[in-house]
Structure formats: C-alpha cells, structure tokens
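Visitor: Below is one structure. I have some questions about it.
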Amino acid sequence: MENIEKRVNETFQYLHEHPEISWEEVETTKYIANLLSKENVKVITFPDGPGVVGEIGNFDGSIPVVALRAELDALWQNVDGTFQANHSCGHDAHMSIVLGVFWKILQTPALFDRIAVKFIFQPAEEKGSGALKMIEKGVIDNVDYLFGIHLRPIHEMKFGFATPVLIHGATVNIDGVIEGDDAHGARPHLTHNAIEIGAQLVNFINQIHVDPSIPYSVKMTKFHAGGSSNIIPGNATFSLDLRAQTNEQMERLKNRVNEIIKNLGQLYNTKINIIHSEEIPAAVTNDEAIHIMKKAIEDVLGKEGTAPPVITPGGDDFHFYTIQKPNLKATLMGLGCDLTPGLHHPNMTFNKNALMIGVNILYKAILHTYHLSDKSGK
C-alpha cells in the first residue's frame, strides 16, 4: 500500500483547498466516500444530507464497537478581504487523521476479525447540530466506545504533547428581535428606542451573577438597528453568546437571560423575542475511555508528552453523543501541533508533522480498547 503519511498529507491538502460550510459538505462527503469505497468496505451515506460512515471489521455483535469521529465542515469567514469557506478549526486535519487510521488498519488484515471500527465523518459541527443528526440516523446505536480528536492552539499545548481529554464547556448562541414602531427623530415620545433597549439588555446581562467557582460568561455579540439618522428605530436584531463550564451552570445562565428579556419587554411594553437558539453541551467524561487514550498517547509520545486534561470554554458537539447515549464510553483527545495564531483565525496554521502523531495515537487507542498489541512495531 502507498505510504500512509504521504496519503494523509495529500488528503489534508485537498480538503484544505476544498472547504465547504455546514450542511453543504456535499463534495467533501463524495470525496471521502470514494476513498472508503476503494478499499471494499461497507460505506454508508445519507440521501437527505451530507455525512458518511465507513465500517471495517467484525460486526457480528461478539465484540465491542469502536467509532472514530471527524468533522466535515469549514467556517465562513473573511480571509484576506474575501468572505469564503475556510478550514480554520482543523476539521481538514481531523478528517485526514481518521482516514490515516483507516489506512493503517487496512495494512494489518489479521485485525479484521478482532475489531469492529466505525469511521464517522459528521457534518455541521460548527452549527452544533451535526452530531444530533448522526444520532438521529442511528449511527451510534451499536457503538460502545467513541474517540475524537481536536487540534489545540499553541498557548494551550505545544507540538509533541497530547491530552487524553478535552473538557469543553457548554455554549448557547441566541438570536433575538426587538419589535416596535419607528418614529421621527423630533418625536422620541412616540416610540421606545430599540437601541436604548439593547443598551439596557447589555447592562442587565452584565449584572448576572451565578456561582463564581464555575467559569461562565454572557455577552452581546451582535446588534443591528436603524437605517436613517433622523429616524428613531423601534426594531432591532441581536445575538447573545453564553458560556459555562458545566451544563448545570448553563441552565442557571439561560434562566437568568430569559428572565431579563421577559422583564425588559414588560418594562418597555415592547416585544422582545428569541427567534433562534443553538446549544452545545459541556463535556461528560468517561474514566475508561480517558485511560485508554492516555495509554495510547504514552505509547506514541511517552509519559513526558502526555498532557493533563485541558479545561476549555470552547464547545464541541461531540458531547451530544454522550448526552444522548449515557452508556457510551467516549473521549475527545487534544493534539498539540504549534497551532497559531489560534483556532478560528482566518490564517490559522499548524505543524503538519502532527498529523501522523494523531494517526498513531488513535490507532493505538483502538488496539488498547481490544487489548491487542501492535505487531507493526510502530
């Protein structure tokens, strides 16, 4: 078989140059499905949307099923003055790494009867809804262990290190509207200024206080009102970003925000409504999965390269899998790769030598799950 490292690097380059945003990953799905199909394994696609699953091994129910998850989607952002799809969150790397594990397993046919591995390529992680769609499709119904991977920024972890678990916080993004009537700039008594209401909303959410021992934040991230300088706007749209390190803390935040919006609407006798909300839960960790991943990292990077758990306020819809299936043993591994300037930066870059490190760690995690030794000596 062609050198795996070469294939992984070529795959990464292709995926990096052909990004697609959430729920539009049609060509990416076709590309990965084609790579899987070439190896004569079971490939599952979905007629109503993007996403692809490959299966290799023994699925007769006699052994546990292990799944690897990678994300298909890119972000939509301004890159050097042009708005475009852009892989600035590392999903191109994650797909390439998981495919590398697939190719590495194929090099050892003796494993096929002793393992059962699903390769899940999931759409729309950036929208926080792709994992839920995969769950709805029954993709993890027979899965016992689930492993994922995410590149980490350099300020969090340098190249040559990896952590067996990323402890993400919960995230909620809210889009809302203020509905009222416009008025002439000379007659402010005839309406309630939506800008003033928005300012009050900012003031009130800045005064939210919940348990300070658990990290959290609430902030307005978007506000739009008005069009002409001589018209007092009665209407506006806004967005709020809520973060909390635990799901319980997030519930407290959401309740406080909802109370504020309700009371502010009553104060101004104005309709303030939430029109859209996206939620990603905080991580629910599993000791057995973390232990397996820790052993895999030690095999590849040594104990000196095994970093402690990373607690991060960022979110990942990977955690929906464990929320929806509580008996699932899952962990999301963090990979150091000298990533700069940061995740979601339009010019994000990282050390590509980390790709094969990721491949080898996930491969070892599969072997450890089944208590198998690595006959390749690598």
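The values are calculated or read from the model by the stated rules, or taken from the named source; none is laboratory data. Predicted, not measured: the structure shown is a model, and the values here were computed from it. Note that we place each Cβ from the backbone using ideal geometry, even for glycine, and neighbour counts take in every protein chain shown.
Visitor: Please verify whether Ala85 is in contact (Cβ under 8 Å) with a residue 40 or more places away in the chain and either assigned by TED's automatic domain parsing to the domain that holds Ile105 or basic (Lys, Arg) (or both), treating the condition exactly as stated. Explain how you work it out, then say what you get.
Guide: Numbers: in contact (Cβ under 8 Å) with a residue 40 or more places away in the chain: yes; either assigned by TED's automatic domain parsing to the domain that holds Ile105 or basic (Lys, Arg) (or both): yes.
Taking the combined requirement at face value, the residue satisfies it.
Visitor: Now for a separate question. Of a type in the set (S, T, N, Q), touching a residue at least 40 places away in the same chain (Cβ under 8 Å) and within 28 Å of Asn327 (Cα to Cα): which single residue out of Thr237, Thr270, Thr246 fits that description? Full working, then the answer.
Guide: Values: Thr237 fails: within 28 Å of Asn327 (Cα to Cα); Thr270 fails: within 28 Å of Asn327 (Cα to Cα).
Only one candidate qualifies: Thr246.
Visitor: Sticking with this one: Whether any residue in the stretch 4-27 is in a strand (DSSP E or B) and closer than 27 Å to Leu367 by Cβ is what I want to check. Outline the logic, then answer.
Guide: Restricting attention to the stretch 4-27, the residues satisfying the condition of being in a strand (DSSP E or B) are 21.
From what is left, the residues that are closer than 27 Å to Leu367 by Cβ are none.
Scanning the stretch 4-27, I find no residue that is in a strand (DSSP E or B) and closer than 27 Å to Leu367 by Cβ, so the answer is no.
Visitor: Continuing with this model, one more query. Can you tell me which residue within the stretch 203-236, out of those that are assigned to a loop (DSSP other than H, G, I, E, B) and β-branched (Val, Ile, Thr), is farthest from Ala282 (Cα to Cα)?
Guide: Taking the stretch 203-236 and keeping what is assigned to a loop (DSSP other than H, G, I, E, B), we get 207-215, 226-230, 233-235.
In the following step, the residues that additionally are β-branched (Val, Ile, Thr) were identified as 208, 210, 214.
On the way: Ile208: 20, Val210: 17, Ile214: 12 Å.
Applying the filter and picking the extreme gives Ile208.
Visitor: Just name the residue that is nearest to the chain's Cα centre (by Cα) out of those in the stretch 35-91 that are closer than 21 Å to Leu362 by Cα and assigned to a helix (DSSP H, G or I).
Guide: Step by step, filter the stretch 35-91, then rank; the result is His91.
Visitor: Please go through the stretch 237-259 and give me each residue that is surrounded by 20 or more Cβ atoms within 10 Å (Cβ to Cβ) and in a helix (DSSP H, G or I), ordered by number.
Guide: Restricting attention to the stretch 237-259, the residues satisfying the condition of being surrounded by 20 or more Cβ atoms within 10 Å (Cβ to Cβ) are 238, 240, 242-245, 249-250, 253, 257.
Hits for the stretch 237-259 are Gln249, Met250, Leu253, Val257.
Visitor: Which members of the stretch 261-285 meet the condition of being more than 17 Å from Ala236 (Cα to Cα) and buried (at least 20 other Cβ atoms within 10 Å of the Cβ)?
Guide: Matches in the stretch 261-285: Ile280, Pro281, Ala282, Ala283.
Visitor: Out of the residues in the stretch 172-220 that are out of contact with any Leu (no Cβ under 7 Å at 6 or more places or on another chain) and of a type in the set (S, T, N, Q), state the one that is farthest from Gly265 (Cα to Cα).
Guide: Ser213
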